[in-house]
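A quick write-up on the structure given underneath.
The values are calculated or read from the model by the stated rules, or taken from the named source; none is laboratory data. Model, not experiment: these values are computed from the prediction. Please note: Cβ atoms are built from the backbone with ideal geometry, for glycine as well, and neighbour counts cover all protein chains shown. Heavy atoms of the whole protein, side chains included, go into the accessibility calculation; ligands, DNA and RNA do not. Shrake-Rupley method; radii C 1.70, N 1.55, O 1.52, S 1.80 Å.
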Amino acid sequence: MELKRATEGEKGFEKVFAFLRERLLAGSLKPGDRLISERELATLLGVSRPIVREALRALTVLGIVEIRDRIGTVVTRPDVSVLNDFFTFALAQQADMLDDVMQARVAIECQAIRLACERANIADFERLQRALAKIGETIDEADAGGMADFDFHRAIVVASHSETLTVLHGSLAGLLTHSHRSRRELVQAFPSMKTYLIDDHRRIFEAVIARDPERADATLRKHFAIGDEYRRRAIVGDIDKTSASG
């Protein structure tokens with residue numbers, strides 16, 4: 001009996017979610033619109049009112065709807081930043097997922113930088129320039145440096161003026177900031193990374209300023225490849241001679 005109730009509840013949730021999703025995609029429901037009553041929705045979908053109520057509460061937690069006293073359930077514009085927490089918790093528990101996440105990052109940022117070469121405005125260039133300066137200022141700091149690196153790459157994505165790419169990149173922010181910080185921790189073992197980090201980011205910035213998508217894409221991909229090589233060297237214990245002698 002318990003299993004049957006759980007199965008019915010899951011199907012009921014799916015119906016409520018599908019109802020809202022299909023109407024949002026079709027444009028018949030928009031942020032600010034009020035849903036039909038719980039009773040009408042239950043009748044329409046053929047599920048019980050308690051199931052509808054629980055489904056709407058779940059949608060409220062996700063920020064998709066808001067239940068207002070004496071008004072009813074209103075469609076809201078969800079805060080996509082919650083995806084950051086979701087992906088961080090979901091993917092951080094899978095040790096073998098980090099490489100896959102990094103490949104997704106490469107795909108997002110390489111497309112973003114091509115768009116940035118076409119769409120970036122003065123404000124975007126200034127944001128990138130500030131982020132580039134911060135990378136140099138924090139070159140010996142793991143925490144601040146890692147955040148500076150993330151902010152630079154984030155500025156590239158923002159400069160693409162693609163809402164979808166920006167949301168996807170933002171959803172990985174927790175994992176990416178951790179990755180940037182881990183890379184900055186390698187600077188003490190590999191002093192040559194300081195030049196790599198500063199010069200590579202400068203070259204990326206110059207390619208965007210020049211509005212050269214081919215050069216920007218190639219420079220960014222080379223930047224990722226060199227970063228991967230430093231991580232590989234750290235794993236095998238290949239420390240810079242300058243560090244070992246110092």
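A few notes on this one:
- Neighbourhood charge, 11 Å Cβ-Cβ cut-off, centred on ASP151 and excluding it, Lys, Arg +1 and Asp, Glu -1: +3
- Segment 12-75 - percent of accessible surface contributed by carbon and sulfur, probe 1.4 Å: 54
- Prolate/oblate/rounded label for segment 12-75 (Cα gyration tensor, a/c 1.5): rounded
- Accessible surface of segment 81-236, 1.4 Å probe, proportion on carbon and sulfur as whole %: 56
- Ordering of 182-190, 135-143 by burial proxy (mean other Cβ atoms within 10 Å per residue, highest first): 182-190, 135-143
- For segment 45-81 and segment 112-156, distance of Cα centres in Å: 38
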